[in-house]
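Take a look at the structure below.
Readers should treat all values here as calculations from the given coordinates under stated rules, not as data from a laboratory. If you're wondering where the values come from, they're calculated on a predicted model, not measured in any experiment. Backbone-built Cβ (ideal geometry, glycine too); neighbour counts: all protein chains shown.
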Amino acid sequence: MLLGYRRLHRSAPHHRSSPPSNPNRASRSSNPHRSSIEVAVFDFFTRSHRLRSLQTHSKVAAISFSTRKQQRFRSLPQQLRSSLFFGNNFDLLSSPRHVQVQSEARRNRLPMLLQVLRSYELRLLRCSLSHDQPLPTPQILTTSNPLQTSIHTLLQSIESGHYSKPLTSNSAAFLLNLNQSSSSYSDSIANCVNSFLTAENSDGSNEDTSLRAFLLVAVAVSVFSAFIQSNVTGPLEPLPPLFADTAKEDLEVWARNEVMSSGSDLLGKFSNLEYIVFAKLVLLRIRDYLLSKDEQSNENSVFFPTCSWWLARVLLVQQKLLDSHSSVLFEKLQELILETLAHLGDFNKVSSYWKDAEEGILSEIVSMVHLEMGIIDFRYGRVDSSKSHFESANQASGLLLSISGSLGFRTVHQVDPKAQLRLFADNSNSRNGPLNVTGSVDSKDESCQHDHQVHEASDVLLAPRFLEKNNGGSAIFSNGSSSLKPVQQALILAQCLLIEKNTPHDEMQRWDMAPYIEAIDSQPSSLFIIRRFCDLLRIRWEGTRSRTKERAILMMDKVVEGFKQSTPGVAARISCCFGVDIPTIPSLRKEYADLLVSCGLIGEAVKIYENLELWDNVIFCYRLLEKRAASVELINTRVLEKPNDPRLWCSLGDVTNQDSCYEKALEVSENKSVRAKRSLARSAYNRGEYEKSKLLWESAMALNSLYPDGWFALGAAALKARDVGKALDAFTRAVQLDPDNGEAWNNIACLHMTKKRSKEALIAFKEALKFKRDSWQMWENYSQVAVDNGNFGLALEATQKVLSITNNKRIDVKFLEKIMVKIEGKNGDDCRETEQLREMIGKVLQQIARNGGDGEIWGLFARWHKLKGDLTMSSEALLKQVRSYQGSELWKDKERFKKFAHASLELCKVYMEIGSLNGGGREVYAAEMHLKSTIKQAALKFSETEEFKELQSFLDKLQATVQARSVP
């Protein structure tokens, strides 16, 4: 069992008076100089074990145990007795009347208890927000409760940044000694939480349960904050081992598997993973317990809405530890978002919950809730939802933003001012009071100021110098900007996230972010974490420009080293750290190494990758250095040191191309390594084992469904295995996760085409062409589907696009013939649509004819001129068609003769129409001569064909017409 001391022997009660087996045990429980939180932890986690061992004893034994416990308690010094938080220990020996009176008193004190707990909850929450508003004086119960004293002491430790303080004393052995009889560490933690919440020596009152539950929440938040310090905010300090008497290697394997159980691998090497796992398991259990109690209790029930908020933060940080999105975490986070917004997403709800708090504090809480929920949605690519949350946060904070332009100087040597983008902010509608940013970075703090070397690394200014201040609104610029609240600064930086998702990934995207970044750079004071995130956004921007890349490297080195420095303090660093999308320290170091690789500094990057245990990146660098043998040797060495790390086996498999390595990775990960399954699936596909590949992809996607490339690969394997239904479902899931996947949209459209679903195919092709506009195959398919839907205009537009992409080399004559027939069928209609179709197909035919079309194209061109009523141009086009078929091969190829005969017949018909209209005989005479010549040459080999007979018949008709005209 987690957090307990050690299991007691199930012997008779009189044996419990014997000296403890652990020589330190007595000293730990009887030291009069111990703090209340240490004694609380001791009594908390020791009592649950003892009470379970007494469940099978008689009532007499239980009373005997309580009597001796009472005597032992009274023998303790007064200081230690006052610090013990189980103030109701003697109720076991109290009279029933005394118990009833005491219960009635507690019921009367419940409303006051709710206010006290909410004040504690606000204090705990404010540790992660800015401290620019004073907290209201907490209301204290008239009857002192040692549980409150312990909670207050713990909150003071968290507020001061001493997150690991409860773990550094001797009481840590009681707090973090796992019960080896449990099936797993996770079960042990859950059992201990349940035991403490439902301890038999508790009177079961709502007051006692609520205080116990909040104490556990505070402990979980303290442990989680310690993990944040170690992996996100710094300063980097060694943390004590979380669990006593536990092998470090076993603990690391358990924590790593728990983090990766959501279906993704770790992004790098993280320290103290057991801390975040412990906080997650405790908060999950507390939340479920409180929800169940809330459903069963009355209006005086206690529920901590911030528990869901803290749990959402824990899960978001866990997602940041992984190299890909986790469907398990995503589904849980969506549930927590709804739950948190239902309680804390509105100012009225928050003000009714914390009635004595200042408006500035409450508006900051509402703003931060929406801001953090927006960051969560942004992490999973839900841009519209994220934008909505950011807008709600802006409204709650009273911040109005606008982008305009002003004349200014961008470079050091610039002489003439140029127009520069400029951000203007108006916070006049904010409920916040006077600004007093505790833990902010000002001009005196050199740790977050750009040094002289950074300024001289480029002649481009960090922020433009504007000529004058704009009078409209509150301008933000480098020369004396107005101060904004930390949450407002975080909201400005959040706009960069939306720009990143909503605009093309080109150079202009970073320039769109520039005014927001420069606005925070020009602030007179900012919190540590906000300033660091602003620097990171600038580095990502300037790292893509050759003119500022050197400065980006210097700034990145300064940012990475800044997390290792001791100033500012821990409490100042965690403020607003969840309000910005700051990466973890290992992720930041990886980004630094990637920047070094882009600059050609591969040797320095390899050192960072090896330290972070990013073996795939190490292998990539060795390949760049043409040292493949060195990479294989390195991975083999690491495998010998850590044979239970599935990532190493997968990396070895990537280098050696051996499936046995991936199978070993599955073995050591207990069949949970998604990467190994994906690699085996790709290997099977490459060997042509499509059915096996499909099954492996299905197994991998069952572990983590938020992997769009996996769904696409599953669809490809299913398509090869002739499972069309599965392929269509897989491609559909791929575009649901990644709507920008044009190839998946194209495959969906093609599958709908095979099933004769032209409407669905047309919609899919429209989406595909948004991202694959240079694919002539896709445009050609789109034109076919458009014709099937009767949309000839779209079909002709797509045909023009095909001709443009292929330089008139890809011509589908049958498709144009089909459209021409449809247009000829509508020729009698004088509607605007028919006229537009005639013009469009004419442009297509002219575009082809200008580059020398074949006979069939000239035939279509002639028909188009005939539709327009221009018989002369039609006859010229037909004459070119006839000539295109002539040649030595004409009288040897029967199919070619048929085309020639058909074109000759159409030409002669047009000549007859022209002759009948203008009364001239030249066209008729030309037709007669052409028919006689053709019949004479075709009589030797094609006299039995229908085309030959049609030519003879038309010649007879023509001669009869000529003879009739010649008779006076």
Exercise for the section: Quick one: check the C-alpha center-to-center distance for the range 603-639 versus the range 512-571, whole angstrom. Expected result: 29
Practice task
Grab the beta carbon distance between Gln509 and Leu601, set R0 = 22 Å, and tell me the FRET efficiency rounded to 0.05.
Solution key: 0.30
Completion exercise
Place a point 7 Å from the Cα of Ser388 in the direction of its beta carbon; the residues of the range 306-346 whose amide N falls under 19 Å from it are 330-346
Fill in the blank from the handout: HN-Hα couplings for the range 333-343 via Karplus (6.51, -1.76, 1.60; θ = phi - 60°), in whole Hz with x for Gly/Pro, come out as 5, 5, 5, 6, 4, 4, 5, 5, 5, 5, 9
Exercise for the section: Based on the mean of other Cβ atoms within 10 Å per residue, sort peptides 610-619, 502-511, 635-644 so the most packed one is first. Expected result: 610-619, 635-644, 502-511
Exercise for the section: Apply 1/(1 + (r/R0)^6) to the Cβ-Cβ distance of Lys770 and Met112, taking R0 = 60 Å, and write down the FRET efficiency to the nearest 0.05. Expected result: 0.50
Completion exercise
Once phi for every residue in the range 685-694 is put through the Karplus expression 6.51 cos²θ - 1.76 cosθ + 1.60 (θ = phi - 60°), the whole-Hz ³J(HN,Hα) values, with Gly and Pro written as x, are 5, 5, 7, x, 8, 6, 5, 5, 4, 4
Completion exercise
Per-residue Cβ contact counts at 10 Å, fewest first, order Thr754, Thr153, Thr806 as Thr754, Thr806, Thr153
Handout entry: Ascending count of other beta-carbon atoms within 10 Å, so fewest first, for Thr340, Thr732
Key = Thr732, Thr340
Handout entry: Net charge of Cβ neighbours under 11 Å - reference Ile158; Lys, Arg +1; Asp, Glu -1
Key = +2
Exercise for the section: For the range 768-776, take each phi angle, set θ = phi - 60°, evaluate the Karplus expression 6.51 cos²θ - 1.76 cosθ + 1.60, and give the result in whole Hz per residue in order, putting x for glycine and proline. Expected result: 5, 6, 5, 10, 10, 6, 9, 9, 5
Exercise for the section: With 26 Å as the limit, write out which pairs from Lys756/Lys868; Lys818/Lys866; Lys809/Lys936; Lys756/Lys899; Lys332/Lys355; Lys320/Lys772 have Cα-Cα distances beyond it, or answer none. Expected result: Lys756/Lys868; Lys809/Lys936; Lys756/Lys899; Lys332/Lys355; Lys320/Lys772
Handout entry: Pairwise label distance in nanometres, Asp250 with Asn657, each label 7 Å out on the Cα-Cβ vector
Key = 4.2
Completion exercise
Under 5 Å from the placed amide H of Gln420, counting only residues 5+ away or on other chains, we find Ser406, Leu407, Gly408
Completion exercise
Links exceeding 26 Å between C-alpha atoms in this model, out of Lys248/Lys664; Lys880/Lys909; Lys387/Lys801, come to Lys387/Lys801
Handout entry: By average C-beta atoms within 10 angstrom, highest first, the peptides 831-838, 848-855, 267-274, 707-714
Key = 707-714, 267-274, 848-855, 831-838
Fill in the blank from the handout: For 308-314, 602-608, 586-592, ranked highest to lowest by mean beta-carbon neighbours within 10 Å, the order is 308-314, 586-592, 602-608
Problem - Reachable aspartates and glutamates, given that their alpha-carbon falls under 20 Å from the alpha-carbon of Lys941 and they are not under 8 places away in the same chain - result: Glu889, Asp893, Glu895, Glu950
Practice task
Give, as a single signed number, the net charge of other residues whose beta carbon lies under 12 Å from the beta carbon of His505, with Lys and Arg counted +1 and Asp and Glu -1.
Solution key: -2
Problem - Whole-angstrom gap from the range 723-787 to the range 331-374, using each part's C-alpha centre - result: 42
